[in-house]
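*Asks:* Can you keep this structure in mind? I'll have questions shortly.
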């Protein structure tokens, strides 16, 4: 007898972060995790760098002006082996739910745009980094490597995640599709920056990026999207020109099916909450029967991806046994 395809409910977060307050952000995350689980969700997805919030100041003024936020942001960023990650893992275990959390990762003296994939027993499935921060983000964050482009086998299916404009990089997408991704978390910061000033940063383009990812990869996409709170604009927009560049709201969370169909009902862009959808992985073979970019719809004789998925480390240490083997060789 053929095993049925997984079917489950997923939740996408649309909420403002507890800006620049890591512990308060984890408190809020725990409440949202509990709410999603109580409503029957097996997976909850959080926005990009939701802990401790996206560093919008890099888009709002000169680097010298933005330096006022640098130390506080560093201090409030999350360490993968730190107590706040422990709290998130315990919340996932307590409620028996998969969690994908977006956060600013502090590692040594550097920051990275991280996503943690946490299993329902509290296990850390993966802690990935954004491969290439976008434009002004590079003044804050370092880069990931090929080891961060992984799809992971879970009880819910093959699960992967990317941040923001990683979804408009064709080769990054193909690397994920080639691993048979079935459930994808698309984490976005909010769509309220440069509203009316830069169309590419608005909801129209970025919602389309999530939707097209679902169509191209024939996978479910859980698109989480933060909101910008009035408290954030009061802190960051201390001059009229900045107030025009960052508006309150900007939440556009949505979930898409493998044929690109919207599966959830949107919230008002200023509202906080969770959007839900039922995911039936049995629909994926139907979508792939038409077009599978990593299978029958590919032309490897014409086009192929060169993909180095080896993690790169700044320092490699060799123990005495390995050194001895090398000397004998």
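The values are calculated or read from the model by the stated rules, or taken from the named source; none is laboratory data. Every value quoted in this text rests on a predicted model; they were computed, and no experiment measured them. So basically every Cβ, Gly included, is an ideal-geometry build from the backbone, and we count neighbours across all protein chains shown.
*Asks:* I need the full set of residues from segment 185-201 which are assigned to a loop (DSSP other than H, G, I, E, B), surrounded by fewer than 21 Cβ atoms within 10 Å (Cβ to Cβ) and in contact with a helix residue (DSSP H, G or I) (Cβ under 6 Å, 6 or more places away or on another chain), in order please.
*Replies:* 194
*Asks:* Does segment 10-22 include one or more residues that are touching a residue at least 60 places away in the same chain (Cβ under 8 Å), over 18 Å from the mean Cα position of the chain (by Cα), within 18 Å of residue 159 (Cβ to Cβ) and buried (at least 19 other Cβ atoms within 10 Å of the Cβ)?
*Replies:* No.
*Asks:* Report whether or not residue 177 is at pLDDT 95 or above and buried (at least 24 other Cβ atoms within 10 Å of the Cβ).
*Replies:* no
*Asks:* So residue 170 ticks every box in (1) surrounded by 17 or more Cβ atoms within 10 Å (Cβ to Cβ); (2) modelled with pLDDT of 95 or more but one. Which box is left unticked?
*Replies:* Result: residue 170 passes all but (1).
*Asks:* Of all residues in segment 116-142, count the ones that are free of Cβ contacts under 8 Å to residues at least 24 places away in the same chain and not in a loop (DSSP other than H, G, I, E, B).
*Replies:* Number satisfying all stated conditions: 2.
*Asks:* Can you find, within segment 145-167, the residue that is nearest to residue 6 (Cα to Cα) among those that are surrounded by fewer than 20 Cβ atoms within 10 Å (Cβ to Cβ) and without any contact (Cβ under 8 Å) to a residue 40 or more places away in the chain?
*Replies:* Result: 158.
*Asks:* Going by the structure shown, is residue 61 out of contact with any strand residue (DSSP E or B) (no Cβ under 9 Å at 6 or more places or on another chain) and assigned to a helix (DSSP H, G or I)?
*Replies:* Answer is no for this residue.
*Asks:* May I pose another question? On the given criteria, is residue 255 closer than 21 Å to residue 6 by Cβ, surrounded by 10 or more Cβ atoms within 10 Å (Cβ to Cβ) and under 21 Å from the mean Cα position of the chain (by Cα)?
*Replies:* yes
*Asks:* Are any residues in segment 10-24 touching a helix residue (DSSP H, G or I) at 6+ places or on another chain (Cβ under 8 Å) and on the phi < 0 side of the Ramachandran plot, and if so, which ones?
*Replies:* 11, 13, 15, 16, 17, 18, 19, 22, 23
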